[in-house]
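Trainee: Take this structure first; my questions come after.
The values are calculated or read from the model by the stated rules, or taken from the named source; none is laboratory data. The shown structure was predicted, so the numbers you read here are calculated from the model rather than taken from an experiment. Here the Cβ positions follow ideal geometry from the backbone for every residue, glycine too, while neighbour counts run over all protein chains shown. Keep in mind that these areas ignore ligands, DNA and RNA; they rest on the heavy atoms of the full protein, side chains included. Shrake-Rupley method; radii C 1.70, N 1.55, O 1.52, S 1.80 Å.
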Amino acid sequence: MIGTNGLHFSYTKGGTEIFGGLTYDFPEGEVTVVTGPSGSGKSTLLYLLGLLITPTSGTISYDKRSVSGIPDRERSHIRAQVVGFVFQDAALDPTRTVLDNVVEGALYAGSRRREAEVRARELLESLGVRLRETHRPGEVSGGQAQRIGICRALIKNPSVVLADEPTGNLDRESAEVVLAALSDAASTGATVVISSHDPAVVQRGDHVLAI
Amino acid sequence: MSLRSRGRIGGWTLLGETTRMAAAQPAASMIAGLIIAAVCGVILTTTGRTVQAEQDVLSQIDDAGTRSITITDAHGTAGLTASAIPRVSRLSQVDWALGLGVADDVQNAAVGEGGTRTPSRVVHGQLPLEVSTTGRPPAAGEALVGSEAMQTLGLDMPAGGVHDGSENPIAIVGSFDASEPLEFLNSGLLVAAAPDSDAAIRSVQVLATSPENVENLTGAVIAVLDPADTTALSVTTSQALADVRAAVAGELGQYSRTLALTVLAIGLVLVTLTIYGAVTLRRQDFGRRRALGASRSNIVMIVALQHLIIGILGAAIGTLAGAVMVWRWTGAMPRLAFTLAVAILAILASVAAALLPAFVAAWRQPVRVLRVP
C-alpha cells in the first residue's frame, strides 16, 4: 500500500504550494482516480507517488515505510521493481519495435530479455496488439500506442500502477480497453492510481481523490 | 507468467541498450566516430611523421659517434698500459674499449723501401662490431689491413706482408673496414697484440652505452687507466654532440607532444559538443528510462559505453588510415607503440568527452521532459 502524509509540493522555491498537506492511503487491489481541474497537480501527485520528484514537505510511504528522503539510487530501484508508469502520450521509444518497447519495461528490474519477450507477447495478445509487435510506434494508432504503454507498465507485474491521463487522447472504445486493463491489474492486487478529469474514468474508480 | 528479477540491469542488457542508443542516432554516432578517427589520423600523419623525423635525426647523430670517448697520450709520457683495457671494458655503461699502440710507419714488403708509408698500430682488446673484417682472425703479431690502406700500399688482395724496417715482416691475414668512431683506422693496419700484453699504449677508444653517460664515464675510464701523469692525456668526447642530441630530442619531442595534445583537445571539444547535442535531442528518451527504473549510474554507463564503442571503432579506422598515409608518404609504418598510444588516447578522449553530457542526461529532472502540456 502506498500513501501520503502531510504532503506539500512546489515546483520552485517559494512558489505556489499544492496539495495543502494531503494525507491519503491508496488501497491495494483497487483503482483510485485522482481528479481535479487542470493545474491542480494530478500529474504531479503521480510523479510524487512514482518517486520521480520529492515533496517540499510531508512524506510518501510504501508499505508504511517513508521513501521521500531516500537516495536516488534506492528510488530508482523501487521504480524498477515495484512501479509501472502509464503516460498520457504513451511515451514509446520511436526507434524500437513495439515488442522491444514493452520489454524495456522489465529491463531495469533485471529481467532476462528472452523471458521478458515471452511475457510481453502474452500482454500484447491480451490487449489485442500482438500483431503489431514488429511495428514501430509511428506505425500504430494512438489507442494501440496506449495499450502498448500499458503492456510496458504491467510486464514486471508491478504492485503499484500509476497512469497519468491514460485515456486523454483516446476514443471511447480504446479508452474502455485501457481502463479494463488497469482494472484487471488492480484485481491481481496492484495499487492502481489514475489521474483524470474525464467523468467516465472517475465513474470507473473504486475510490476518487479530488484535489 | 511472472518474470524473475535479478534486482538490477545485467551487463549484457546494458551493452544491448548502449548499441540500441548508438543505432538510434546514426548521424551523431557517425560524426563522433569520424571525429575520433580524424584525431587519430591527424596525429599520426603530423606528429607521427615528426616522431619519425626525430628518430632519423637522432639515429644520424648517434651514428656520428655521440657515445665515443678518445683518450690520447700524445707523447707517450702518461704511462698508459694495455693491461687496463679489459678493466675498462668491464665498466658498466661501457659498450666496448680498445687500446692502440704507437703508430709505426710500414711499407709493402713486396715493394720495398720505395713503397708508400702507411701507419700500423698494435690493437689491444676485442674488435667491436663497428669494425667489419674479412679473412681469418689475426694471431699475435699478424695484421689486418684497412680498406684505404690497401690502396695506399698497392695491395689487390688483403695478403702478403709489410715491413717496418726490422728484419721480420708483418703478415697480412685479412682486411677491415671501420665505421665511426673508428673510421680513422681505415687508413692503416691493425696488428693483433699478444694476449695479456702489458705493452704501453698511446690511445684508448671507448664507446659508452648511451650519450647521456659520456660525461660521467670519462672520469671513471681515466681512473681505471690509472695514468702516471694525467696532465699528459688529452681527452676528446662527443659531449657537444650529445648536448645537440638532447636538444634535438627535447625540442622535437616537445613539439610532437604539443601538437598531439592540441589535436586531442580540439577533438575532445568537438566530440563533447556532438554528444551534448545528441543527448539533448534524446532527453525524452532518458526521462522515460528514468521513469522505468534506470538509475543515474545506468544512464551514465549507457552514454559512456556508447562512446567507448564509438571511440574504439573510430580509433581503429583513424589509426589504420593514418598509418597507411604515413606509409605512403614516408615508406615506413609509424612505430606500433606510438600508434597504439594514439589509439588508446583517442578512445579515452571519446569516453571523457561523453562524461559531461552523460552526467547532464542522468541528472536532468525526468518530470521536465515527461510532462504533456
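Trainee: Taking segment B:244-288, how much of its Cα-Cα pair set, in percent, is spaced more than 16 angstrom apart? Working shown, then result.
Mentor: Values: 592 of 990 pairs.
That tail contains 60 percent of the Cα-Cα pairs.
Trainee: Could I ask something else about it? Helix-derived [θ] at 222 nm for chain A: sum -39500 (n - 2.57) over DSSP H runs of at least 4, divide by residue count, nearest 500?
Mentor: On the way: 7 runs with 77 residues, N = 211.
The helix-only estimate for chain A comes to -11000 deg cm²/dmol at 222 nm.
Trainee: Output the 0 to 90 degree angle, nearest 10, between the alpha-carbon long axis of helix B:214-225 and the longest principal axis computed from the alpha carbons of chain B.
Mentor: So the helix axis and the longest Cα principal axis differ by about 30 degrees.
Trainee: Can you compute the modelled spin-label distance between residue B:355 and residue A:70, with each label point 7 Å from Cα toward Cβ, in nm?
Mentor: 3.0 nm
Trainee: Please compute, for peptide A:86-94, the average count of beta-carbon atoms on other protein chains lying within 10 Å of each residue's beta-carbon.
Mentor: On the way: counts 0, 6, 3, 3, 0, 9, 1, 8, 3.
Going residue by residue through A:86-94 and averaging, the value is 4.
Trainee: Next up: Note the angle between two axes, namely the Cα long axis of helix B:26-63 and the longest principal axis of the Cα atoms of chain B, as a number of degrees from 0 to 90, rounded to the nearest 10.
Mentor: Here the helix axis deviates by roughly 10 degrees.
Trainee: Here's another thing I want to ask about it. Per residue of segment B:292-297, what does 6.51 cos²θ - 1.76 cosθ + 1.60 with θ = phi - 60° give for ³J(HN,Hα)? Whole Hz please, x for Gly and Pro, Karplus curve as stated.
Mentor: Working through the residues one at a time gives 7, x, 5, 7, 4, 5 Hz.
Trainee: Give me the summed buried accessible area for the B-A pair, 1.4 Å probe, to the nearest 100 Å².
Mentor: Values: alone 19730 and 9970 Å², together 26400 Å².
Approximately 3300 Å², summed over both chains.
Trainee: Something else: Just to confirm the number: angle between the C-alpha axis of helix B:239-281 and the first principal axis of chain B, 0 to 90 degrees, nearest 10?
Mentor: 10 degrees
Trainee: If you don't mind, there's one more thing I want to ask. In a solvent-free Debye calculation with one equal scatterer on each Cα, what is log10 I(q)/I(0) for chain B at q = 0.07, 0.15 Å⁻¹, listed in the order of the q values?
Mentor: So the normalised log intensities work out to -0.57, -1.16.
Trainee: Can you give the Rg to Rh ratio for segment B:147-295, taking only C-alpha atoms and Rh from Kirkwood? Present the calculation step by step, with values, prior to reporting the outcome.
Mentor: Numbers: Rg = 33.0 Å, Rh = 23.1 Å.
Here the Rg-to-Rh quotient is 1.43.
Trainee: Per-residue ellipticity at 222 nm for chain B, helices alone: DSSP H runs ≥ 4 residues times -39500 (n - 2.57), over residue total, nearest 500 deg cm²/dmol?
Mentor: On the way: 10 runs with 196 residues, N = 373.
My calculation for chain B gives -18000 deg cm²/dmol from helical runs alone.
Trainee: Let me ask another. Using the Karplus equation 6.51 cos²θ - 1.76 cosθ + 1.60 (θ = phi - 60°), what ³J(HN,Hα) coupling, rounded to whole Hz, does each residue of segment B:186-200 give in order, writing x for Gly and Pro?
Mentor: 4, 7, x, 10, 10, 9, 5, 7, 5, x, 6, 5, 10, 5, 6
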